[in-house]
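Worksheet for the structure shown next.
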Amino acid sequence: MTVRLEVMPAGAWAGEVASRLLAALDANRGMRLVLPTGDTPSPVYAELAARAADRFGEAVVLGLDEWVGLPAHDPARCDGRLRRELLDRLVAPPAFREIAVDAFPSPDRAAREHDVHAQAGLDLVVLGLGGNGHVGFNEPGSTPTSPTRVVRLAEATLDASVERYGATLRPSGGITLGMDRILAAGAVWLLATGSRKAAILARALHAPESPECPASFLRRHPALTVFADEPAAVRLGVSG
Ligand code: PGA
């Protein structure tokens with residue numbers, strides 16, 4: 001297992017992850033990267049919006065996941081949230097390949113089209129960690145070969161759409177980048193903050209690999225970096 005674990009004080013975490021992302025962009029201006037939405041990356045995006053200037057200009061950003069069944073301007077939509085929190089705030093925004101759930105006659109078709117973009121190559125996939133071990137919308141039951149697809153979402157994920165992200169109605173499902181594409185990327189970063197992620201992060205990194213915790217399969221990746229703040233890392237037996 002070649003997991004690189006970086007643990008930081010909570011107050012320094014977002015600034016440090018933003019710095020690392022800017023350094024990666026400086027090293028590869030045309031980077032093709034996948035960015036998540038959710039509460040975990042939001043403070044990183046606030047840092048980037050203030051500091052990134054034109055450094056994303058030549059990059060291509062792909063969406064990680066998207067709700068199915070939410071209207072285009074629903075506040076929980078992943079595409080809108082990434083635009084609001086980061087892309088629309090950059091002087092020179094990157095090209096954005098969102099999961100175009102409204103542009104095709106069916107969610108299946110939107111998933112297939114997104115997979116074509118992903119297949120062209122991914123330099124970096126940045127992920128949050130679901131409380132149930134999901135990455136993207138690769139919910140429990142997903143395996144390392146699970147493709148980009150339409151998924152049935154776990155109840156806890158559907159609850160979060162309304163209770164934490166402000167969805168105006170309950171989504172009917174989701175579209176996610178597949179585990180296969182995530183594991184084929186050049187590098188993977190897993191972000192985890194706060195004490196509510198401590199137990200699932202320990203399980204993802206230390207329990208036997210299992211479809212019950214899809215994040216555990218990330219350990220197969222040869223270039224996985226975990227960026228955790230101290231409250232999230234408390235069960236890992238390390239200190240920053
Ligand atoms: P969060 O969600 O960043 O809002 O905690 C993570 C996830 O469910 O992937």
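Bear in mind these aren't lab numbers, they're just calculated from the coordinates by the rules spelled out. This is a predicted model, so every value here is computed, not measured. Note that each Cβ is placed from the backbone with ideal geometry, even for glycine, and that neighbours are counted across all protein chains shown.
Pairwise Cα separations in segment 19-126 fall into 5 Å bins from 0 onward with the following percentages, short to long: 2, 12, 23, 25, 19, 12, 5, 1, 0.
Taking a ≥ b ≥ c as the square roots of the eigenvalues of the alpha carbon gyration tensor, the chain is rounded, as a/c is under 1.5.
Taking the centroid of alpha carbons for each part, segment 71-125 and segment 140-182 are 15 Å apart. Please label the shape of segment 108-173 as rounded, prolate or oblate, based on the square roots a ≥ b ≥ c of the eigenvalues of the alpha-carbon gyration tensor (a/c under 1.5 means rounded; beyond that, a/b larger than b/c means prolate, else oblate). Prolate.
Looking only at segment 48-187, where both bridge partners belong to it, what percent of the DSSP beta bridges are antiparallel (to the nearest 5)? Bridges in segment 48-187 that DSSP calls antiparallel: roughly 65 percent.
Using the Cβ atoms and a cut-off under 10 Å, what net charge is assigned to the surroundings of Val7, where Lys and Arg are +1 and Asp and Glu are -1? Write out the running numbers ahead of the final one.
Numbers: positive: none; negative: Glu6, Asp229, Glu230.
Value of the local net charge: -3.
In this structure the amide hydrogen of Ser210, modeled in the peptide plane, comes within under 5 Å of the amide hydrogens of Ser216, Phe217, none closer than 5 places in sequence on its chain. Near Ala72, once Lys and Arg are set to +1 and Asp and Glu to -1 for all other residues with Cβ below 9 Å from its Cβ, the sum equals -2.
Going by a ≥ b ≥ c, the root eigenvalues of the Cα gyration tensor, does segment 99-240 fall in the rounded group (a/c under 1.5), the prolate group (a/b larger than b/c) or the oblate group? The shape class here is oblate. Only beta bridges with both residues in segment 112-240 are counted; by DSSP, about 35 percent of them are antiparallel. DSSP bridge analysis restricted to the chain gives an antiparallel fraction near 30%, rounded to the nearest 5.
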